[in-house]
1. Among the candidates A:F66, A:F53, A:F87, single out the residue that is closer than 14 Å to A:L18 by Cβ and touching a strand residue (DSSP E or B) at 6+ places or on another chain (Cβ under 6 Å).
2. Residues in the stretch B:190-234 that are in a strand (DSSP E or B) and hydrophobic (A, V, I, L, M, F, W, C): how many?
3. For B:V64, state whether it is in the same structural domain as B:L152 (by TED's automatic domain parsing) and crowded, with 17+ Cβ neighbours inside 10 Å.
4. I need a count of the residues in the stretch B:84-139 that are on the phi > 0 side of the Ramachandran plot and without any contact (Cβ under 8 Å) to a residue 24 or more places away in the chain.
5. If we scan the stretch A:225-232, do we find a residue that is at negative phi, in a helix (DSSP H, G or I), surrounded by fewer than 18 Cβ atoms within 10 Å (Cβ to Cβ) and away from chain B (no Cβ under 14 Å)?
6. Surrounded by 19 or more Cβ atoms within 10 Å (Cβ to Cβ), of a type in the set (A, V, I, L, M, F, W, C) and in contact (Cβ under 8 Å) with a residue 60 or more places away in the chain: which single residue out of A:L207, A:L199, A:L183 fits that description?
7. Return the residue satisfying two criteria in turn: it lies in the stretch A:19-41 and is among the hydroxyl-bearing types (S, T, Y) and under 24 Å from the mean Cα position of the chain (by Cα), and of such residues it is nearest to A:K74 (Cα to Cα).
8. Which of the residues spanning the stretch B:49-95 are away from chain A (no Cβ under 12 Å), among the aliphatic types (A, V, I, L, M) and part of a helix (DSSP H, G or I)?
Amino acid sequence: MLKSGLCSNAKMIAGESLSSWSYRLCQIPEVQQYLLHNAGGYGRGPRLFLSLFEFEKREAHCDLDFISPDYKWKVLPLIMGPDLERFVKPVNDAPMIPWGFRRSYCEDCMRENLRSNCSLMLKIAWRYVSKPFCEVHDMLLKDVPRQIGGALDAPRAIFKWNHSIESKNLGHAEYVNNWADLLKTACRVQKKLVKLRNLQHDSCIYLFDNTIMSLMRALLTPGMDLYRHSGSNRLLDIVSSEGETLYLSCYLQPFRASAACRARALFFIGILLGWVSQKEAFKSLRGDPWESDTPEKIWGSVYKFDKELYYWLRNSLIRFQTSALSIYTS
Amino acid sequence: MNSSSRISKAIKVLQGQYKIEYSFPELTNTIEELIRNTNITAKGVVVHLEGEPGCGLSASLEHVVNKFGVEATKVNYNFSFGKLSLLDNFAISLAIRSPYEHLKKAPLYMDQYINEVGLKLVVIDDLERFEVTHDNSLAECLVAISEVANGLVVLYTTHYRPLARKIEKIMKGRVNLFRVRMSLESADLCNIAFKFLNAANGETRQSIRFSECALEHIEQQACRLDEFVKILEVAYAYATLRNDSLLTFSGTEEEFSIQGSQYVEVRAMLEC
């Protein structure tokens with residue numbers, strides 16, 4: 001393990017993801033020297049490593065923010081020490097966005113960390129499906145294109161993209177301004193859900209999570225009226241692949257949707273749970289009479305879009321019924 | 001203290017395991033003033049630190065980087081078969097370089113990054129090492145770095161005169177250029193000697209002092225900083241091995257040290 005005096009800025013920041021920490025460690029000259037010394041056998045000449053994962057030659061399709069309990073890697077435990085155990089795959093954790101779709105970030109958190117630690121960092125909390133808002137700043141998370149979020153040097157790439165012209169053209173600030181009331185309500189719903197989830201017993205948490213995920217899957221299905229709204233064409237959703245069935249896209253959509261769309265789904269979940277009044281919903285939806293501001297209208301919208309999806313959702317809600325969430329079903 | 005612990009202490013000193021920070025006293029004040037002016041005028045400043053080889057330029061740069069902490073960064077040279085330009089190396093020192101891009105001008109996110117971090121000073125030692133082509137690109141890169149964000153103070157050293165002249169020519173009227181000429185005075189040597197003694201005593205937990213004749217001897221000398229520190233190391237290692245409380249060295253011993261014969265002799269003695 002590296003001596004603490006050798007790299008005081010190598011300490012793990014609270015809430016930091018493993019991939020981000022692996023990237024930061026690689027910025028330390030001593031770590032690079034160690035890697036260069038140990039990479040002699042590869043015969044690739046002198047080079048700089050982007051991340052410890054690059055050195056470890058990780059398998060594809062594995063989650064770089066969590067480690068398997070039976071990890072047998074060489075470099076990570078040596079350099080990171082006992083802190084690495086904190087990243088063992090969590091049990092009973094809220095649904096996470098898979099590594100391949102990871103791309104949300106909070107600009108303010110990144111900026112604050114840059115000021116305090118002089119390094120770029122990504123938080124693990126930005127990967128929760130039901131948390132499209134930053135828990136520190138109550139701001140809607142921003143999204144980057146998929147290839148940027150999946151890079152080994154994602155903290156740097158995301159920072160670069162955040163200051164690019166493409167990012168500015170998306171008009172995130174404009175969207176947040178236009179839908180301020182809706183987002184404020186959705187943020188309240190997120191906080192209430194987090195609070196309620198923490199009160200659940202370990203054995204009941206999966207019911208809670210599955211209920212929320214079933215609702216999100218139905219509400220975020222592409223092509224639905226609930227999903228399409230003003231400004232949604234600029235939200236950088238990951239496009240479904242060609243030939244994908246409705247059920248597959250329905251399953252994947254909560255992970256692929258942008259933070260703004262997930263926030264909108266949370267808003268409608270709030271209506272279904274009775275946490276958002278009709279008056280408040282009407283105001284949040286900018287007084288549009290065609291929008292679904294009541295549970296009946298939301299159910300009607302799902303039914304109208306696809307009857308099978310509607311019945312699947314009903315069955316799922318009955319199957320994962322929990323006393324913590326009482327959903328209005330007409 | 002037994003002989004093995006004496007040997008281990010002497011090795012510590014000979015291997016330079018103590019920390020001695022040295023800088024020309026007026027240098028940090030000059031830079032602080034320049035940083036203040038840069039913030040007011042929002043324009044880059046380039047400072048060329050000149051001096052004879054071995055007069056302590058690199059040691060001064062190290063000290064300045066440590067003194068300014070997060071406000072300063074040192075651009076290290078990364079071996080790349082001439083592929084990495086000065087701007088690439090600068091991006092590496094900021095930990096924001098992508099391996100998939102070669103920078104020819106400072107990108108927008110670099111400005112933002114520097115503004116957030118609060119960087120004010122960039123230190124480049126031996127600028128000529130970063131030359132990748134024979135045109136003016138190195139000098140232009142240097143100017144580009146000085147103009148990043150709201151303007152930075154770039155402190156550099158080079159012993160390659162044509163390069164320094166080229167930079168002066170390019171920067172004419174664009175950014176300010178200062179030349180600071182450095183030379184080691186006897187007072188500086190005394191200062192270094194006492195700092196060395198404190199650092200070495202701290203590392204080896206001894207209380208060795210200079211003898212009067214040694215101090216007189218130091219004041220009369222004029223030599224390179226690295227050679228001077230080497231003499232001190234050898235003399236200190238000898239004093240440790242002989243269990244002396246006073247550090248003495250005569251003229252003849254010093255001459256031997258400069259030639260390296262005594263140094264080799266001590267190392268051989270320690271290794272056996």
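The values are calculated or read from the model by the stated rules, or taken from the named source; none is laboratory data. Please read all numbers here as calculations on a predicted model, not as lab measurements. Backbone-built Cβ (ideal geometry, glycine too); neighbour counts: all protein chains shown.
1. Going through A:F66, A:F53, A:F87 in turn, just one is closer than 14 Å to A:L18 by Cβ and touching a strand residue (DSSP E or B) at 6+ places or on another chain (Cβ under 6 Å): A:F87.
2. Taking the stretch B:190-234 and keeping what is in a strand (DSSP E or B), we get B:209-210.
The next check asks that each one be hydrophobic (A, V, I, L, M, F, W, C); those that pass are B:210.
Selection size over the stretch B:190-234: 1.
3. Details: in the same structural domain as B:L152 (by TED's automatic domain parsing): yes; crowded, with 17+ Cβ neighbours inside 10 Å: yes.
Yes, satisfied.
4. Keep residues of the stretch B:84-139 that are on the phi > 0 side of the Ramachandran plot, which gives B:95, B:118, B:126.
Retained after the next criterion (residues that are without any contact (Cβ under 8 Å) to a residue 24 or more places away in the chain): B:95.
Number satisfying all stated conditions: 1.
5. Step one: list which residues in the stretch A:225-232 are at negative phi, which gives A:225-230, A:232.
From what is left, the residues that are in a helix (DSSP H, G or I) are A:232.
Subset that is surrounded by fewer than 18 Cβ atoms within 10 Å (Cβ to Cβ): A:232.
Keeping just the survivors that are away from chain B (no Cβ under 14 Å) gives A:232.
Checked the stretch A:225-232: at least one residue is at negative phi, in a helix (DSSP H, G or I), surrounded by fewer than 18 Cβ atoms within 10 Å (Cβ to Cβ) and away from chain B (no Cβ under 14 Å).
6. Numbers: A:L207 fails: surrounded by 19 or more Cβ atoms within 10 Å (Cβ to Cβ); A:L199 fails: surrounded by 19 or more Cβ atoms within 10 Å (Cβ to Cβ).
Matching residue, one of A:L207, A:L199, A:L183: A:L183.
7. Filtering the stretch A:19-41 down to residues among the hydroxyl-bearing types (S, T, Y) leaves A:19-20, A:22-23, A:34.
This time we only want the ones that are under 24 Å from the mean Cα position of the chain (by Cα), so: A:19-20, A:22-23.
Numbers: A:S19: 16, A:S20: 18, A:S22: 13, A:Y23: 16 Å.
This residue is A:S22.
8. B:L57, B:A59, B:L61, B:V64, B:V65, B:L86, B:L87
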